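Read-outs: derived from the displayed coordinates by stated rules, not from any lab. No experiment lies behind these values; they were computed from the predicted model shown. Backbone-built Cβ (ideal geometry, glycine too); neighbour counts: all protein chains shown.
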Amino acid sequence: MAVAKHINFFELRDACAEPGCPLCRIVSRRAEQYIDNTLFEHVSDRSFRKAYRLAGGFCAFHSRGLESFRDGLAVAILGRDILEDRLISFKKRKPWRPVERCPVCVEQDSIETEYLTFLIQSDRDENGREVQAYFTASDGLCVPHYARLISLAKRIPAWLTEFHNHKFETLFTRTSQFIELSAYGRQEDFAKLSQKDKLVWKELALSLRGNRD
Ligand SMILES: [Zn+2]
Ligand SMILES: [Zn+2]
């Protein structure tokens, strides 16, 4: 009997068809949905409000869109709690410190673990070959996500490590070539590089930080 394909299968497949790290893509989309959802539906949820307050709100990265959020009331209700705590600490001249982590960062961590575990376990699944096919046709994981993947399990499918080793080694070689040909006197050879190789430093910067916009 065929095993029903998990929702992760389809979400990962769609993200693999787009450029860049597929997990970064999934994580940013889910983070946006999470923020939307919490601001609209969980503002009156006591446990969410408590966690938000103890964290001092979302981190700087995840609160970057709040001032243009479409529901001002939700932003005001949550923000007032944070400001109230700050006022107390300002008056006492005692620095305020977070007790909890940003709720979106916590959510992101669990999404990352879920998808990385899905990838790690894919060769035990009957849809494993399909996962391998679409994943190896993608740009693969960024450096932070691959580092996280290898820290999660001892046993990782060989195709997954081979694919990433090859990807990062190629990036290393192309970057070395870019540096070498950027030297004085090598202009002619540099001009022969493909457009992609001339801009390899951008690719490297993105791969090192991950592109969770
Ligand atoms: Zn990534
Ligand atoms: Zn955050």
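Data table
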| item | result |
| --- | --- |
| FRET efficiency, 1/(1 + (r/R0)^6) with R0 45 Å, evaluated for ALA183 and ASP109 via beta carbons | 0.60 |
| Amide N of segment 16-57 lying under 11 Å from the label point, which is placed 7 angstrom from the Cα of LEU87 along Cα→Cβ | none |
| Estimated distance in nm for a label pair at LEU66 and ASP14, the labels positioned 7 Å out from Cα along Cα-to-Cβ | 2.9 nm |
| Projected label distance in nm at ASN165 and ASP125, using a 7 Å step from Cα toward the beta-carbon | 2.4 nm |
| In Hz, Karplus ³J(HN,Hα) per residue of segment 148-155 (6.51, -1.76, 1.60; θ = phi - 60°; x = Gly, Pro) | 5, 4, 6, 7, 7, 8, 7, 9 |
| Contour excess over end-to-end distance, with Cα ends at ALA137 and ALA158 and 0.36 nm allotted per residue | 6.0 nm |
| Potential extension, ARG29-LYS196 segment - 0.36 nm per residue separation minus Cα distance | 57.4 nm |
| Gap separating the Cα centres of segment 99-125 and segment 134-193, nearest whole Å | 23 Å |
| Sorted by Cβ neighbour density within 10 Å, fewest at the top, the residues PHE163, PHE69 | PHE69, PHE163 |
| Dipole magnitude (debye, nearest 20) for the chain, charges at Cβ of Lys, Arg, Asp, Glu | 1040 debye |
| Alpha carbon convex hull of segment 8-209, projected area averaged over orientations, nm² | 16.4 nm² |
